[in-house]
Amino acid sequence: MARVVSGFFVIAVIVAVGAFAGWSNLMGPQARFVLNRLTYFLAGPCLVFVSLIESDLALVLSANFAVAALAALLTTSLAALLSLIFLKQDLPHAVISSVSASMVNSANMGFPIAAYVLGDVALALPVALWQMAVFTPLFQSVLHSAVAGQRPSVRALAGTIIANPMIIASAAGLAVLGFDLHLPAFIVEPIDVIAGISIPGMLLAFGMSLTASKPFSKEAGHRADILLATALKLLAMPLIAWALARWAFGLAGTELYAAVVLAALPTAQNVYVAAARYEVGEEMTRDIALLTSVGTMIALMVIASLFGA
């Protein structure tokens, strides 16, 4: 667990560096805008592509993949209903807040926690694959349509796919993986280098956003949304994952423990990147990511004690 705490510390340091850069205006007034677009249009898609081509397609069909998918979809649906009915959010804000309650930080925290808590990095791959190949393209497509005010249609979906680099990268990665293609190093290595910008870029941009306005500001009017998404992310989603894994798929032992632990990870930074890209709920998603990042440590300790780990 000490090494997991160190993983959180590394993330906190990078976010703090970003906050300092934003506070001091070290990189100019457009730095956060440039970093967000860099990670969204270039580095993020490269990370998705490289992660997929280096994975095992058999994991897509595993029970843990199904648990991750169903837990995320059920949590998203619950969050969307509560947001639309009780919090009276408009559709774009309901989309981004509900995804904030269900998309886990599989890249930054999933692999370290799988290595140091679960003892096997491969246990995090189903969650990462689900999010990179299916969930991220799906939610960004829905968000794009909601912001544009479009009704779902084949033409609108095709337009979204063409305009969305994450979807293109996911499709390309799955094609390479599915056809068992072996790309030469001179093609993969430049993509891999650019992919390395993604995670630190997201964290630095996230840190810069903390200085743009006061976190958890009452004036922003999103405190109820933040608390709802945080509660669903750290409480409801792990419980849903446990119920699905235990009763629907009959998982036990390490696989059951892994399903619950990975469901309790904090909100992914790329939700904030998407919010910034579409200018919808940027402060709200930033605060949800910040609050869940702090709360995850407590959630993981409770889960570990309940499982006797």
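The values are calculated or read from the model by the stated rules, or taken from the named source; none is laboratory data. Predicted model, so just to flag it, every value in this text is computed and none were measured. FYI the Cβ positions are ideal-geometry reconstructions off the backbone, even for glycines, and counts take in every protein chain you see.
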If Ala229 satisfies all but one of (1) in contact with a strand residue (DSSP E or B) (Cβ under 8 Å, 6 or more places away or on another chain); (2) under 18 Å from Ala114 (Cα atoms); (3) modelled with pLDDT of 95 or more, what's the number of the condition it fails?
(2)
Of all the helices (runs of 4 or more DSSP H) wholly in region 14-115, which have at least 1 residues that are surrounded by fewer than 22 Cβ atoms within 10 Å (Cβ to Cβ) and touching a Leu at 6+ places or on another chain (Cβ under 8 Å)?
44-53, 63-85, 91-100
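Let's see how each residue does on (1) over 30 Å from Met27 (Cβ atoms); (2) at pLDDT 80 or above; (3) not in a helix (DSSP H, G or I):
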site	(1), (2), (3)
Arg151	yes, no, yes
Thr160	yes, no, no
Leu177	yes, yes, no
Leu183	yes, yes, yes
Among the residues in region 60-67, are any under 17 Å from Met237 (Cα atoms), of a type outside the set (A, V, I, L, M, F, W, C) and touching a residue at least 40 places away in the same chain (Cβ under 8 Å)?
yes
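If you go through region 182-195 one residue at a time, how many are free of Cβ contacts under 8 Å to residues at least 24 places away in the same chain and either closer than 22 Å to Met109 by Cβ or among the hydrophobic types (A, V, I, L, M, F, W, C) (or both)? First the steps, then the outcome.
Kept after step one, since they are free of Cβ contacts under 8 Å to residues at least 24 places away in the same chain, are these residues of region 182-195: 182, 184-187, 189-190, 193.
Cutting the leftovers down to either closer than 22 Å to Met109 by Cβ or among the hydrophobic types (A, V, I, L, M, F, W, C) (or both) gives us 185-187, 193.
Looking only at that region, the number is 4.
I'd like to check something: does region 116-124 contain any residue that is under 12 Å from the mean Cα position of the chain (by Cα), within 19 Å of Thr267 (Cβ to Cβ), touching a residue at least 24 places away in the same chain (Cβ under 8 Å) and assigned to a helix (DSSP H, G or I)? Give the derivation first.
Step one: filter region 116-124 for residues under 12 Å from the mean Cα position of the chain (by Cα), giving none.
For region 116-124, residues under 12 Å from the mean Cα position of the chain (by Cα), within 19 Å of Thr267 (Cβ to Cβ), touching a residue at least 24 places away in the same chain (Cβ under 8 Å) and assigned to a helix (DSSP H, G or I): absent.
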Examine region 242-259 for a residue that is within 26 Å of Ser198 (Cα to Cα) and either buried (at least 23 other Cβ atoms within 10 Å of the Cβ) or within 17 Å of the chain's Cα centre (by Cα) (or both), and state whether such a residue exists.
yes
Flagged pairs (Cβ under 9 angstrom, 6 or more apart or on separate chains; first in region 290-303, closer than 14 Å to Gln269 by Cβ and buried (at least 21 other Cβ atoms within 10 Å of the Cβ); second at pLDDT below 90 and polar (S, T, N, Q)) are Thr292/Asn105; Ser293/Asn105; Thr296/Asn105
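Is it the case, given these coordinates, that Thr285 is touching a residue at least 24 places away in the same chain (Cβ under 8 Å), touching a Ser or Thr at 6+ places or on another chain (Cβ under 7 Å), more than 16 Å from Ser106 (Cα to Cα) and hydroxyl-bearing (Ser, Thr, Tyr)?
Working: touching a residue at least 24 places away in the same chain (Cβ under 8 Å): yes; touching a Ser or Thr at 6+ places or on another chain (Cβ under 7 Å): yes; more than 16 Å from Ser106 (Cα to Cα): yes; hydroxyl-bearing (Ser, Thr, Tyr): yes.
Here the answer is yes, as Thr285 does meet what is asked.
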Residue hits (region 4-32; touching a residue at least 24 places away in the same chain (Cβ under 8 Å) and within 26 Å of Ala169 (Cβ to Cβ)) are Gly7, Ile11, Ile14, Val15, Gly18, Ala31, Arg32
Taking the criterion of being crowded, with 24+ Cβ neighbours inside 10 Å and touching a strand residue (DSSP E or B) at 6+ places or on another chain (Cβ under 8 Å), would at least one residue in region 271-287 satisfy it?
yes
